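The values are calculated or read from the model by the stated rules, or taken from the named source; none is laboratory data. Computed from a prediction, not measured in an experiment: that's the story for all the values here. Because the Cβ atoms are built from the backbone with ideal geometry, glycine has one as well, and the counts that use them run over all protein chains shown.
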Amino acid sequence: MGTMGKEILTAINKQEGALNDLRTDTESLQETLQAVEERVSSTDIMEKDHQWEPAAESSRNDTSKRRRGLFPGDKPPSDPPSREGTPLPRTPKKPKKAESSTKEDIPKGARAKKPEAFNGKRGQEAKIFLMKMEIYYKDYGTAFDNERKMATFFTNMGEGEASKWAKPLLRKILEEEEHNYLVNWNSLKKAFLLAFSDPMKKEKAIQNINKLVQNGSAQVYVTNFRTLMQELDWDEHALIDTFKKGLKNNVQQELLKATITQDVSDFSLEKWMEVAIRVDDLLFQGRSLGNQSTPQSNGYQGTRRNQTQGKAGKVSPETI
């Protein structure tokens with residue numbers, strides 16, 4: 001064989017080697033592509049129902065048909081690794097948002113508005129202002145801790161005596177100095193009520209409530225009694241006794257009858273007020289009917305007057 005024949009043979013051998021390398025690379029590439037394709041397909045299935053579904057028979061046949069080499073005579077690529085025993089990936093579930101029933105869930109427009117600044121008046125007005133601030137804090141729940149309650153309380157003091165009382169305590173809060181009134185919100189409330197109480201006003205209320213009597217309707221008497229009792233710290237029984245003494249005699253008589261016909265031991269002050277108003281209204285209606293009647297004869301007039309007076313001075317037990 002000449003030199004040219006050797007060169008041709010060498011070139012052919014090189015081409016065969018290159019073809020073998022190409023076949024090997026192609027087989028490896030096919031296996032990789034097939035594995036990726038199956039992995040993508042498996043992921044899609046898991047996203048739909050999180051379960052593996054067996055492949056259809058026709059799909060298996062198509063796969064076996066496609067599983068061939070790039071060139072005639074090439075060996076088909078090996079089967080992909082089995083998925084048996086491989087744990088299925090789980091998609092983490094988002095935690096459910098806990099239902100909240102805190103005060104912060106109250107709509108902004110439905111919350112209590114900040115009370116007007118305290119005017120410095122002692123006695124009942126100071127108590128009312130403090131109650132309004134308590135309601136305001138309650139609507140905002142945990143948004144107001146002890147320090148914030150106290151700071152907001154001080155900044156809601158008006159001019160005059162209220163401002164003079166709050167200014168030194170507010171300065172101590174700013175400078176973070178300790179004070180007996182600033183231990184917590186309860187200690188501040190006690191200090192406020194002590195500073196703006198009116199002992200003379202209480203004594204006047206005691207005198208006035210003992211002098212109070214029913215001159216007009218029971219409704220007006222009840223309203224006046226409520227106003228005076230707000231200044232007192234009497235117990236329920238003392239208030240009930242004082243309330244009954246101030247009623248008109250005919251109303252007291254009907255209430256006394258009620259104690260005979262039924263058990264009134266558990267009646268509260270509010271219940272006695274309600275009963276007194278109802279009895280007084282019925283007695284007034286009876287008197288009005290008597291005044292409007294027009295008798296036709298003297299004999300009839302006497303009989304009619306007696307009947308009217310009887311009705312006017314009597315209230316059935318069912319009323320109470």
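Has segment 124-132 got at least one residue that is among the acidic types (Asp, Glu) and assigned by TED's automatic domain parsing to the domain that holds residue 278? No, every residue in segment 124-132 fails to be among the acidic types (Asp, Glu) and assigned by TED's automatic domain parsing to the domain that holds residue 278. Residues that are charged (D, E, K, R) and more than 22 Å from residue 286 (Cβ to Cβ) were ranked within segment 235-254; the one that is surrounded by the fewest Cβ atoms within 10 Å (Cβ to Cβ) is 235. For segment 149-189, the tally of residues that are within 18 Å of residue 130 (Cβ to Cβ) and not in a helix (DSSP H, G or I) stands at 6.
Scan segment 99-118 residue by residue and report those that are under 30 Å from residue 228 (Cα atoms) and modelled with pLDDT under 90. Steps first, answer last, please.
Pass one, segment 99-118, residues under 30 Å from residue 228 (Cα atoms): 112-118.
The answer is 112, 113, 114.
Among the conditions (1) crowded, with 16+ Cβ neighbours inside 10 Å; (2) under 30 Å from residue 247 (Cβ atoms), the only one that residue 129 does not satisfy is (2).
Yes/no matrix, rows are residues, columns are (1) modelled with pLDDT under 90; (2) closer than 20 Å to residue 208 by Cα:
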site: 234; (1), (2): no, yes
site: 237; (1), (2): no, yes
site: 250; (1), (2): no, no
site: 283; (1), (2): no, no
site: 286; (1), (2): yes, no
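A single member of 203, 159, 147, 176 is exposed (fewer than 14 other Cβ atoms within 10 Å of the Cβ) and within 14 Å of residue 118 (Cβ to Cβ), and it is 159.
Quick one: is residue 214 surrounded by 13 or more Cβ atoms within 10 Å (Cβ to Cβ), polar (S, T, N, Q), touching a helix residue (DSSP H, G or I) at 6+ places or on another chain (Cβ under 8 Å) and in a helix (DSSP H, G or I)? Spell out how you get there, then give the answer.
Numbers: surrounded by 13 or more Cβ atoms within 10 Å (Cβ to Cβ): yes; polar (S, T, N, Q): yes; touching a helix residue (DSSP H, G or I) at 6+ places or on another chain (Cβ under 8 Å): yes; in a helix (DSSP H, G or I): no.
In short, no.
Considering 279, 264, which residue is part of a loop (DSSP other than H, G, I, E, B) and either in contact with a Gly (Cβ under 6 Å, 6 or more places away or on another chain) or surrounded by 12 or more Cβ atoms within 10 Å (Cβ to Cβ) (or both)? Lay out the reasoning, then the answer.
Details: 279 fails: part of a loop (DSSP other than H, G, I, E, B).
On inspection, the qualifying residue turns out to be 264.
Does segment 89-98 contain at least one residue that is at pLDDT below 90 and touching a helix residue (DSSP H, G or I) at 6+ places or on another chain (Cβ under 7 Å)? Scanning segment 89-98 turns up at least one residue that is at pLDDT below 90 and touching a helix residue (DSSP H, G or I) at 6+ places or on another chain (Cβ under 7 Å).
What is the residue count in segment 237-263 for residues that are within 39 Å of the chain's Cα centre (by Cα) and closer than 15 Å to residue 274 by Cβ?
Initial filter on segment 237-263 (within 39 Å of the chain's Cα centre (by Cα)): 237-240, 243.
Checking which are closer than 15 Å to residue 274 by Cβ leaves us with 239-240, 243.
Result for segment 237-263: 3.
When segment 218-232 is filtered for residues that are modelled with pLDDT under 95 and touching a helix residue (DSSP H, G or I) at 6+ places or on another chain (Cβ under 7 Å), the ones remaining, listed by number, are 228, 229, 230, 231, 232.
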